[in-house]
Amino acid sequence: MEETPAVMIGKALRTVIQRGNIAKAVDSLPVEINELGYDPWGLHPDRAKLYFALASLFYRYFRPVVHGIENIPDGRVLLVGNHSGQLPFDGLVVTMACLLTGTPPRLPRPMVERWFAVLPYINIVFSRAGAVLGDPINCRNLLEAENAILVFPEGVKGSGKTWKHRYQLAPFGRGFMRLALQTNTPIVPVAIIGGEESIISVYDFKPLARLLKTPYAPIPPHLFLVGPLAFWPLPVRFHIYFGKPMTFTGPFDDEDEVIDRKVEEVTDRLQAMIDAGRAKRRSVFR
Amino acid sequence: MVGASLAEDGFRIVGVDYRKVEHPPDYVEAVYRANYNKTLIEDIFRRHRPTHVLHLGRVGNLKEQIGKRFDLNVLGSRKVMDLSLKYGAGRLVVLSTFHIYGAHPRNHIPIYEDEPLRAGTEFPQIADAIQFDNQALTWLHRHRALPTVLLRPCHVVGPHINNTISRFLRLPVIPVPMGFSPMTQFIHERDIVAAIVGATKGEASGVFNVAGQSPIPWLEAVALTGARVVPVPSSLGALALRASTRVSSAFPPYMINFFKFPCVISDVAFREAFSWRPRVTDREAIVSTVRGY
């Protein structure tokens, strides 16, 4: 076969898939697929291997240090993380950490923002790799099928944070807690350190966001020096802390005030983990 | 095909269509051309006193004027249901469609029977289909004396099917929206026939989704046809479809959303209520639709 750039990239990715144990990890996942290899949400494990190989390049780029992966219990679990970094590299790093360092490997299904579904091509890549539209019924169905779900209850308020609000949790929604109660699912808080420094935003240019129909339009401080390269993530080191599982009991349709108190327990725990993780970090690059 | 299957089971079949039926099949005892909302339909009920009424003739063709579709689908259906009750039918089956849920970027997977019908928000042309369904739903709750089954099947395909989706899959060149491939469900003609027959002979009543084996991406379905695939920017495709409906009925514009966003339904309730399972694989369903056997 002619050694075109596409062929060379394909070969390189296949090598990454094999060497990085991605194939072995994906093959060991308990996914129910149909005769054409898809699950009902569009996950295609064989194609996902290719996307995970690409994702693993970023995973290596960020050189994450993973703590407490053993805290993820078997079966259904909600991984609740702090969101940051403008682009969803935090989700990518946590997903790859569970896949590559989990024993056994787990594939947390990331719940993605609703606007991903209307992005051409990206919606296909995300579905084939296991991402699912962030919707309570999708989430409930996946939990009842004993999946791990990765959620960022801050939503776009978290990912679009500007520098002055870094590592301060935006208010959490109540949906994840109601789902945990309804499906009797443990919650594992996940503190992600490094995301805030990967793509720094000093200002959210809202008129541009409205024009582009995006949730926010980040302005990196060095945008005027390096142009679009400012959106390339900095080679910071990620530290991922998986906390001990938290279990909650009570009716899922309880009053908002009651649910808010339970949500607060999770945000308090997560904020404490973030603060401790940052205190231990010697440099954003080490 | 439903008639043939029921005839084999000993039912006597009377057919009614609002269009002319050129060659009625042998198993049919009588065939009438009658608008469902006109007086002749009552004569047919009076003469034959049907024990089971299968209302399968919803008009989905947008070539028909909205006024006529409303008359046939809404007023006509109301009349068929009222007459079924008046003349003592023992069971009523109404065939609706999953199109009324609408394909939408916010759709979760799967969609259950009690969920909102989004289709009308973007395509008001489908209002008659939504009202057809809603009316049957209200009717079945009000008239418990006549057990009624309302079916909402996914895309029905097969060698003998001549609906929009089957004709589209048979094209030699298939345009697809660039950058989208939503999970899509198909049910083969043999399976939908078995489902309708099961609903006719069964005991449960209510509203039920009916789907095939399992959802597959739209581009996989197109690939199975062997057609040449032409990706088209979806805005251009939508514009072309809206323009084309002014001169032809070939393709309802709302269908483009079914090639961009998912509309995956759950038929668990139907499977449990009627002990029914689809037998035909997705691959066979698509391939047989294109090959014609």
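Among the listed residues A:Ile33, A:Ile72, identify the single one that is among the hydrophobic types (A, V, I, L, M, F, W, C) and in contact with a Gly (Cβ under 7 Å, 6 or more places away or on another chain).
Exactly one of A:Ile33, A:Ile72 is among the hydrophobic types (A, V, I, L, M, F, W, C) and in contact with a Gly (Cβ under 7 Å, 6 or more places away or on another chain), namely A:Ile72.
Output the residue which, of all residues in region A:80-107 that are over 25 Å from A:Leu234 (Cβ atoms) and open to solvent by less than 30 Å² (accessible area, probe 1.4 Å), is nearest to the chain's Cα centre (by Cα). Working first, answer last.
So the first thing to find is which residues in region A:80-107 are over 25 Å from A:Leu234 (Cβ atoms), and the list is A:80, A:102-107.
Remaining after also requiring open to solvent by less than 30 Å² (accessible area, probe 1.4 Å): A:80, A:102, A:107.
Details: A:Val80: 9, A:Gly102: 15, A:Leu107: 11 Å.
Looking at residues that are over 25 Å from A:Leu234 (Cβ atoms) and open to solvent by less than 30 Å² (accessible area, probe 1.4 Å), I get A:Val80.
As a summary of the residue check, A:Phe285 satisfies the conditions (1) loosely packed, with under 14 Cβ neighbours inside 10 Å; (2) farther than 25 Å from A:Met96 by Cβ except for the one numbered (2). Assessment of region A:48-61 against the conditions (within 14 Å of chain B (Cβ to nearest Cβ) and either farther than 30 Å from A:Tyr241 by Cβ or hydrophobic (A, V, I, L, M, F, W, C) (or both)) yields at least one matching residue.
Restricting attention to region B:262-293, the residues being open to solvent by less than 30 Å² (accessible area, probe 1.4 Å), within 14 Å of B:Val210 (Cα to Cα), of a type in the set (S, T, N, Q) and more than 12 Å from chain A (Cβ to nearest Cβ) number 0. Among the residues that make up region B:239-255, is at least one of them within 14 Å of another protein chain (Cβ to nearest Cβ) and in contact (Cβ under 8 Å) with a residue 24 or more places away in the chain? Scanning region B:239-255, I find no residue that is within 14 Å of another protein chain (Cβ to nearest Cβ) and in contact (Cβ under 8 Å) with a residue 24 or more places away in the chain, so the answer is no. If you check A:Lys49 against the conditions, is it more than 29 Å from A:Gly155 (Cβ to Cβ), charged (D, E, K, R) and open to solvent by less than 50 Å² (accessible area, probe 1.4 Å)? The answer is yes for A:Lys49. Would you confirm whether or not region A:186-196 contains a residue that is free of Cβ contacts under 8 Å to residues at least 60 places away in the same chain and surrounded by fewer than 19 Cβ atoms within 10 Å (Cβ to Cβ)? No: zero hits. When the helices (runs of 4 or more DSSP H) confined to region B:1-119 are screened for residues that are at pLDDT 90 or above, those reaching at least 2 such residues are found at B:40-48, B:77-86.
Hey, does region B:137-149 have a residue that's assigned to a loop (DSSP other than H, G, I, E, B), small (Gly, Ala, Ser) and either touching a strand residue (DSSP E or B) at 6+ places or on another chain (Cβ under 9 Å) or surrounded by fewer than 16 Cβ atoms within 10 Å (Cβ to Cβ) (or both)?
If we filter region B:137-149 for residues that are assigned to a loop (DSSP other than H, G, I, E, B), which is where we start, we get B:143-147.
If we keep only those that are small (Gly, Ala, Ser) as well, we get B:145.
Next, only the ones that are either touching a strand residue (DSSP E or B) at 6+ places or on another chain (Cβ under 9 Å) or surrounded by fewer than 16 Cβ atoms within 10 Å (Cβ to Cβ) (or both) stay: B:145.
Yes - at least one qualifying residue is present in region B:137-149.
Can A:Ile240 be described as modelled with pLDDT under 95 and within 19 Å of the chain's Cα centre (by Cα)? Can you show your working first?
On the way: modelled with pLDDT under 95: no; within 19 Å of the chain's Cα centre (by Cα): yes.
The answer is no for A:Ile240.
Within region A:26-45, can one find any residue that is part of a helix (DSSP H, G or I) and crowded, with 19+ Cβ neighbours inside 10 Å? If you could, list the steps in order and put the result at the bottom.
Here is the first cut: in region A:26-45, the ones part of a helix (DSSP H, G or I) are A:26-27, A:45.
Now drop any that are not crowded, with 19+ Cβ neighbours inside 10 Å, which leaves A:26, A:45.
Within region A:26-45, one or more residues are part of a helix (DSSP H, G or I) and crowded, with 19+ Cβ neighbours inside 10 Å.
Residues that are surrounded by fewer than 22 Cβ atoms within 10 Å (Cβ to Cβ), closer than 18 Å to A:Ile33 by Cβ and in contact with a Gly (Cβ under 9 Å, 6 or more places away or on another chain) within region A:129-146 comprise just one, A:Glu146. For region A:82-171, the helices (runs of 4 or more DSSP H) that sit wholly inside it and include 2 or more residues that are in contact with a helix residue (DSSP H, G or I) (Cβ under 9 Å, 6 or more places away or on another chain) and within 14 Å of chain B (Cβ to nearest Cβ) are A:122-128, A:136-144.
The values are calculated or read from the model by the stated rules, or taken from the named source; none is laboratory data. None of the values given here were measured: they were computed from a predicted structure. A quick note on method: Cβ atoms are made from the backbone with ideal geometry, for glycine too, and the neighbour counts reach across all protein chains shown. Side chains included, ligands, DNA and RNA excluded: accessible areas come from the protein's heavy atoms. Shrake-Rupley method; radii C 1.70, N 1.55, O 1.52, S 1.80 Å.
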